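This report concerns only the one structure given below.
The values are calculated or read from the model by the stated rules, or taken from the named source; none is laboratory data. Remember, predicted model here, so these are calculated numbers, not experimental data. Positions of Cβ are backbone-derived with ideal geometry, glycine not excepted, and every protein chain shown enters the neighbour counts.
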Amino acid sequence: MTSESFYTKVSAISFTLLGLWWVVVQTHESWRLELARRRMAYAVSLHFLLPGTMSILSLVAPDVGWLWRVTFATAGLIGIIGTVYVVRTLRADNDCPRLAQAIEWVAIPVYAIVTIVAAAPELASNLGLGLSALQVEGIILAILLFFGVNAAWILMIEPPRATPA
């Protein structure tokens, strides 16, 4: 599969999942009232929005390396900042599923890897896997989508914890 075909599919999947996730969030009115659930819904949105955006912008001019590199590095930094923001809130709040918290903790270094590979694409060739930097980034985007789908599932099925009286 070519990188162009891959990123076309990833962008379509990402934005489809983002749209579906927003429908789910709309049906859970209580999430807008609970800070941890609201922040987790935001984190899930990031896991769909950022890979979709990176994928679309990598298609604009695939032969212009600086464009995808700036896009991926910026999106990686946004992912780190957004996820750290969410994680800081989740630590203080008792109503967030622990597995969802774990996913967000793991997502931070994954976003860091996105940023590092974009900033230094030669690292991809040093892995010895015969993959280009854009192919390595594609694998990482698939991991981010995996985290997003799992976090979405956890939030949809995990009931809020009873608050102590």
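Numerical summary
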read-out	value
Yes/no for Thr89 being surrounded by 15 or more Cβ atoms within 10 Å (Cβ to Cβ), among the hydroxyl-bearing types (Ser, Thr, Tyr) and modelled with pLDDT of 85 or more	no
Any hit, the stretch 24-40, residues being within 15 Å of the chain's Cα centre (by Cα) and either in contact (Cβ under 8 Å) with a residue 40 or more places away in the chain or not in a helix (DSSP H, G or I) (or both)	yes
Any hit, the stretch 55-69, residues being buried (at least 16 other Cβ atoms within 10 Å of the Cβ) and either out of contact with any helix residue (DSSP H, G or I) (no Cβ under 7 Å at 6 or more places or on another chain) or closer than 30 Å to Thr27 by Cβ (or both)	yes
Pairs with Cβ under 9 Å, 6+ apart, first in the stretch 105-133 and charged (D, E, K, R), second not in a loop (DSSP other than H, G, I, E, B)	Glu122/Ala133
Residues (modelled with pLDDT of 85 or more, of a type in the set (A, V, I, L, M) and within 22 Å of Arg88 (Cβ to Cβ)) located in the stretch 34-54	Ala41, Ala43, Val44, Leu46, Leu49, Leu50
Condition check for Val44: part of a helix (DSSP H, G or I), within 20 Å of Trp153 (Cα to Cα) and touching a residue at least 40 places away in the same chain (Cβ under 8 Å)	yes
Whichever residue in the stretch 1-22 is part of a helix (DSSP H, G or I) and more than 18 Å from the chain's Cα centre (by Cα) and, among such residues, is surrounded by the most Cβ atoms within 10 Å (Cβ to Cβ)	Ser3
Complete set of residues in the stretch 59-74 that are touching an Asp or Glu at 6+ places or on another chain (Cβ under 9 Å) and farther than 24 Å from Ala152 by Cβ	Leu59, Pro62, Trp68
Single residue of the stretch 99-129 satisfying the filter (modelled with pLDDT under 90 and not hydrophobic (A, V, I, L, M, F, W, C)) that is nearest to Ala73 (Cα to Cα)	Pro121
